[in-house]
1. Looking only at the stretch 425-469, filter to residues that are under 19 Å from the mean Cα position of the chain (by Cα) and within 14 Å of LEU405 (Cβ to Cβ); which one of those is most open to solvent (accessible area, probe 1.4 Å)?
2. How many of the residues in the stretch 268-293 are open to solvent by 40 Å² or more (accessible area, probe 1.4 Å) and assigned to a helix (DSSP H, G or I)?
3. Criterion first (touching a Pro at 6+ places or on another chain (Cβ under 8 Å), touching a residue at least 60 places away in the same chain (Cβ under 8 Å), polar (S, T, N, Q) and farther than 18 Å from HIS31 by Cβ) does ASN212 satisfy it?
4. Return the residue satisfying two criteria in turn: it lies in the stretch 74-84 and is under 39 Å from the mean Cα position of the chain (by Cα) and at pLDDT 95 or above, and of such residues it is nearest to ALA107 (Cα to Cα).
5. Inside the stretch 52-78, can you point out the residues that are within 19 Å of HIS158 (Cβ to Cβ) and either exposed (fewer than 15 other Cβ atoms within 10 Å of the Cβ) or of a type outside the set (A, V, I, L, M) (or both)?
6. If you take the residues in the stretch 665-707 that are within 20 Å of VAL622 (Cα to Cα), open to solvent by less than 10 Å² (accessible area, probe 1.4 Å) and more than 29 Å from the chain's Cα centre (by Cα), which one is modelled with the highest pLDDT?
7. Right, PHE143: open to solvent by less than 10 Å² (accessible area, probe 1.4 Å), over 27 Å from LYS258 (Cβ atoms) and either among the aromatic types (Phe, Trp, Tyr) or without any contact (Cβ under 8 Å) to a residue 24 or more places away in the chain (or both) or not?
8. Here is a check on your reading of the model: is ALA172 small (Gly, Ala, Ser), surrounded by fewer than 21 Cβ atoms within 10 Å (Cβ to Cβ) and at pLDDT 80 or above?
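The values are calculated or read from the model by the stated rules, or taken from the named source; none is laboratory data. Just so we're clear, the structure is a prediction, and the values are computed from it rather than from any experiment. Quick reminder, even Gly has a Cβ in these numbers, built from the backbone with ideal geometry, and neighbours come from all protein chains shown. Just the protein is used for accessible areas: all its heavy atoms, side chains included, with ligands, DNA and RNA removed. Shrake-Rupley method; radii C 1.70, N 1.55, O 1.52, S 1.80 Å.
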Amino acid sequence: MLKILALLFFLSLYSLLAKEQNLSKVSLQLHWKYQFEFAGFIAAKEKGYYRDVGLDVELKEYDFGQNIIKDVSSGKVNYGIYNSNILVEYIKDEPLKLISSYFKRSALVLITKPEIKYPKDLINKKIMAAGIEDFDLNFNYLFSLEKLQIKDLNFVPHTFDVQDFADNKVDAMTAFISDQPFKLDKLNVKYNIIDPSNFGVFNLQLELFTSNNEAQNNTARTEAFRNASLKGWEYALNNPAEIIEIILEKYNTQNLTKDFLENEALHTDRLILPKMYQIGSIDKMFLFRQIDILYNQSKFTFEKKEELIDNFIFYTQKELEDKRVDLNYTLLKKSIPFLIIILLIIFYRQWLLNKYNKNLKIEVEEKTEEYKKKNEELLISNQNFSDLLDTAIEAIAIFDEKNNLVKLNNSGEIMFNYYFKENLDVKKVYDFIPKSSIAQIKEKLKYDIIEPFEIDLLRSDKSVFPALISGKIIKKENRFFNIITVVDLTQIKLRDEFIQQQAKLAQMGELLSMIAHQWRQPLTAISAASESLKLKALLNDLNNETVQIAADDIYKYVNHLSCTINDFKNFYKTNKSIETTTLNDLVKKSLNIIEDSIYFHNIQIIKNLDSTSEIKTYINEVTQVILSLLQNAEDAHLDKEIKNAYIKIKTYENDTSLYLEIIDNAGGIDAGIIDKIFEPYFSTKLEKNGTGLGLYFAKRIIDNNCDGLLTVENNENETIFRITFYK
């Protein structure tokens, strides 16, 4: 019995060894070191999927300076993993075939310092990259959107060490989103990410390819390798914990930690998007867009791009046979109408006995050419619309007549953090809107055109963000669709708050200067009164009446100083509430702060205050505007050294409106800049550290906050600023 068992054991061992010897040895060249980015191939090897299809696969790590494309095309290795460079080299006649495409979003991003938000902010900054050509390949289109040249950037060689970024040796670096951000988080380093995917840009990253020679001479082996790799990826994405343990035990050449691999596994799943796309599937539209990004769109015709892409993709024998059958069927189907037309033409020619033969032939040719041209234009138009929808920076959502979401472009998916599969995830317009805003959007949806307006919207995690939306209803095939565009205003709101703080600080300095002028005369009077009392005391000429008069004067001046301080404090109170006042009171409140400064510079103040009606407004904000206009008038006189200078302050009203005008005779505003003075950061006082924010915020306060209107005009040598309030 023992002899029989021993014999069976040796027979099984011999069979296993014989099977191992019959395996076809092939190699896969990775484009980096072992990590979860290559989990599918590791799983296929370790779980025996390659062995099951007769393959003994060697997974080769990347060596610095290695040319993966040349190694594959020359046959040094059978298969390779690389990025968009394979498409570039293929178009340059490198004999390559694309087998599978795994990443559906750009994995390579720019990690920058927190203050660097947009590509234009990288001018004159130090960027760490693997090479200018590689950077140009992945980010040129992104920079071209802002009309920036790659050659104008400052590059340094990539060390692939995030510590250089953490130590502020560089301002930005190219990085894979699946691992480097995690390392920076571990170092508690603050950073910003410029992701091409957020701008509607896609670059090939994890692409499985081979040589023409391997694809043609070993088609069955290539198909087996593709299918086993796909099976490995399905297993790895469904069992990440097991594959992580395998990597830590057998493939951890970089001394990676478990939490690092877990983070990379999460990001790899987000890049492959297995719930939206078939793993490893090749999307021809992605390749079309990639060619348009890499080359000027006019370089290749639509037919040429279609031919290039079709020859670039690897097909199995069965797939090629199916393509031939489909092509023959399509050609036959398209030929039937033309055959009928030809038969009719022949019959018609015979019937007319060649009378109209020449004209008919010309007409048929013209109509045929017109049909081809319109058909081509329609294909290009459909392609352009699809590309435009998915590459638009704004979110674009299309809803049907029942307010069900039909289409959300790439920017919309990113903005709202939603990803959809057809017929599996139905969303309505109200799923994107907080309950407090639903009544408002319902009112807007009643109209065919939604004029742009601001509203709060919801992301998938229920976080709220400000947005600007507009829309229009269109009719297609007897159905109505509502196309809505969305612009995220988060960054714009933050920028406006920062600008407003700058303006507030600048005006506080100006107010302190005004108060100094206001205090100068009372302090001088107090000093004079006290000296007079001291002198009379020395001369024994002091009596009760003299003391009483001096004390009253000192009290009056001290009270004036106290009022000035109170006005300054009230001016900067943070509470904003509507109060009742008059234009005349607002003028007097403003003059209490700045009047002495104006008189000190020998500028006459002329007051024609004829408005008595009350208004309800934000007193402190309007006072801020009046002070800003008076200060500008004073500065204009001082800059131009005007003789007989004056500032007129007028208030008046009619049946519908109340008016406040501030007029100076400093020569008016140059006609070339009068239309720009309300723009932010525009200033004629840059040499005096002017911020260019005073008039910008003055107009925003009056027009937006106070439901009024601030305008400016020239009248001969006078400048007239007019504030209008409606009754």
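1. Only one residue tops the list, namely SER460.
2. 4
3. When the stated conditions are applied, ASN212 passes them.
4. ILE81
5. Selection gives GLU61, TYR62, ASP63, PHE64, GLY65, GLN66, ASN67.
6. Among residues in the stretch 665-707 that are within 20 Å of VAL622 (Cα to Cα), open to solvent by less than 10 Å² (accessible area, probe 1.4 Å) and more than 29 Å from the chain's Cα centre (by Cα), the one modelled with the highest pLDDT is ILE702.
7. Considered against the rule, which asks whether it is open to solvent by less than 10 Å² (accessible area, probe 1.4 Å), over 27 Å from LYS258 (Cβ atoms) and either among the aromatic types (Phe, Trp, Tyr) or without any contact (Cβ under 8 Å) to a residue 24 or more places away in the chain (or both), PHE143 comes out as yes.
8. Taking the combined requirement at face value, the residue does not satisfy it.
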